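Chemist: After the structure tokens below, expect a handful of questions from me.
The values are calculated or read from the model by the stated rules, or taken from the named source; none is laboratory data. All figures in this text were calculated on a predicted structure; none of them were measured in a lab. A quick note on method: Cβ atoms are made from the backbone with ideal geometry, for glycine too, and the neighbour counts reach across all protein chains shown. Surface accessibility is based on the protein's heavy atoms, side chains included, excluding ligands, DNA and RNA. Shrake-Rupley method; radii C 1.70, N 1.55, O 1.52, S 1.80 Å.
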Amino acid sequence: MIGRTIGKYRVLRKIGEGGMGTVYETVHTVLGRRAAVKTLHRCALTDANAAARFFNEAKAISMVSHPCLVTIFEHGLHAKTEGGDDEAYIVMEYIQGESLRAHLDKRYLGGSALELGRQLASALTTTHKQRIVHRDLKPDNIMLVADDTVSGGLRPKILDFGLAKLLPQPEPRGPDGEAPAIADLPTPFLPRSVKTRTGLLMGTPMYMSPEQCRGSGPPDEKSDVYSLGIILYELLYGQPPFVSDYVGELCAMHLFAVAPE
């Protein structure tokens, strides 16, 4: 991939790789702007659900603007010049920093943990106003960048909205308190459906909310708040409140255990 061009971006190096795709550092061939390009693995592109989740990330982040959210420049399908299947890609801002996980592995944040928690809460407030639930908030999905304009000199950036869920908009009410008929609703108020299999665990068990662990129904904004609480606990105490090598045991802890003080 090094030296290849995706859209108008030339690939410089590989930054990271996950189960669904690979992220590269790139440069715009005309503007010289650096960007991060995430491509979906070819084997995942044949999975309709995987492809939908991939583009769901771009659409979700594009709906909101906040200094603690990564900026999306564009997304689409790239036709390979040498033949073969098209490549799905997302172009986003290139962030120079390290993950919150890597930072925690090296040093204790101390009092700056509260400031980071405040900034993350502000970003989640913005996404939740648009009825977007992240569903996979964890230190690995948060980057820290140097920023002298904020207290503590570090600004968190929330990444990876691949599991994000767009909830239906609240049903509007008329002056008499009655809900209007669907046919009378303007387009922006029509419910937007997102299909998720009931009983399927979505997220990272150590940071999942009780409702995610139950898998009994789609989580709402409170799931992200719970995950943020787990992260803040880890920032202050050095490890999450519930730790286990087994998914079932972790889920049971989230559902029934009391966090140690």
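Chemist: Can you find, within the range 167-195, the residue that is farthest from Ser99 (Cα to Cα) among those that are in a helix (DSSP H, G or I) and either at pLDDT 60 or above or not small (Gly, Ala, Ser) (or both)? Give the steps one after another, and end with the answer.
Modeler: Residues of the range 167-195 in a helix (DSSP H, G or I): 182-184, 187-189.
Checking the rest, the ones that are also either at pLDDT 60 or above or not small (Gly, Ala, Ser) (or both) come to 182, 184, 187-189.
Working: Ile182: 45, Asp184: 47, Thr187: 39, Pro188: 36, Phe189: 37 Å.
By that ranking, first place goes to Asp184.
Chemist: Moving to a separate point now. Pick out the one residue from Leu114, Leu12, Leu77 that is part of a strand (DSSP E or B), of a type in the set (A, V, I, L, M) and either modelled with pLDDT under 75 or open to solvent by 80 Å² or more (accessible area, probe 1.4 Å) (or both). Spell out the reasoning first.
Modeler: Numbers: Leu114 fails: part of a strand (DSSP E or B); Leu12 fails: either modelled with pLDDT under 75 or open to solvent by 80 Å² or more (accessible area, probe 1.4 Å) (or both).
Answer to the check: Leu77.
Chemist: I've got another one for you. Taking the stated definitions as given, is Ala164 under 23 Å from the mean Cα position of the chain (by Cα), modelled with pLDDT under 90 and either within 27 Å of Glu57 (Cα to Cα) or of a type in the set (D, E, K, R) (or both)? Spell out how you get there, then give the answer.
Modeler: Values: under 23 Å from the mean Cα position of the chain (by Cα): yes; modelled with pLDDT under 90: yes; either within 27 Å of Glu57 (Cα to Cα) or of a type in the set (D, E, K, R) (or both): yes.
In short, yes.
Results for (1) in contact with a helix residue (DSSP H, G or I) (Cβ under 8 Å, 6 or more places away or on another chain); (2) surrounded by 15 or more Cβ atoms within 10 Å (Cβ to Cβ), shown as yes or no for each residue.
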{"position": "Ile61", "(1), (2)": "no, yes"}
{"position": "Val91", "(1), (2)": "no, yes"}
{"position": "Gln96", "(1), (2)": "no, no"}
{"position": "Asp105", "(1), (2)": "no, no"}
{"position": "Thr125", "(1), (2)": "no, no"}
{"position": "Lys129", "(1), (2)": "no, no"}
{"position": "Val133", "(1), (2)": "yes, yes"}
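Chemist: Taking the condition at pLDDT 90 or above and either in a loop (DSSP other than H, G, I, E, B) or of a type outside the set (D, E, K, R) (or both), does Ala102 pass? Show your work before the answer.
Modeler: On the way: at pLDDT 90 or above: yes; either in a loop (DSSP other than H, G, I, E, B) or of a type outside the set (D, E, K, R) (or both): yes.
When the stated conditions are applied, Ala102 passes them.
Chemist: Further question on the same structure: Just the residues that are at pLDDT 90 or above, of a type outside the set (Asp, Glu) and over 13 Å from the mean Cα position of the chain (by Cα), please, taken from the range 127-148.
Modeler: Lys129, Leu144, Val145, Ala146
Chemist: Of everything in the range 20-59 that's β-branched (Val, Ile, Thr) and at pLDDT 75 or above, which residue is surrounded by the fewest Cβ atoms within 10 Å (Cβ to Cβ)? Before the answer, list the steps.
Modeler: Going residue by residue through the range 20-59, those that are β-branched (Val, Ile, Thr) are 22-23, 26-27, 29-30, 37, 39, 46.
Restricting the remaining residues to those that are at pLDDT 75 or above gives 22-23, 26-27, 29-30, 37, 39.
On the way: Thr22: 15, Val23: 19, Thr26: 26, Val27: 16, Thr29: 12, Val30: 7, Val37: 28, Thr39: 21.
Looking at residues that are β-branched (Val, Ile, Thr) and at pLDDT 75 or above, I get Val30.
Chemist: In addition: Could you check the range 244-261 and list, in sequence order, the residues that are under 26 Å from His103 (Cα atoms) and touching a helix residue (DSSP H, G or I) at 6+ places or on another chain (Cβ under 7 Å)?
Modeler: Matches in the range 244-261: Ser244, Val247, Leu250, His254, Ala259.
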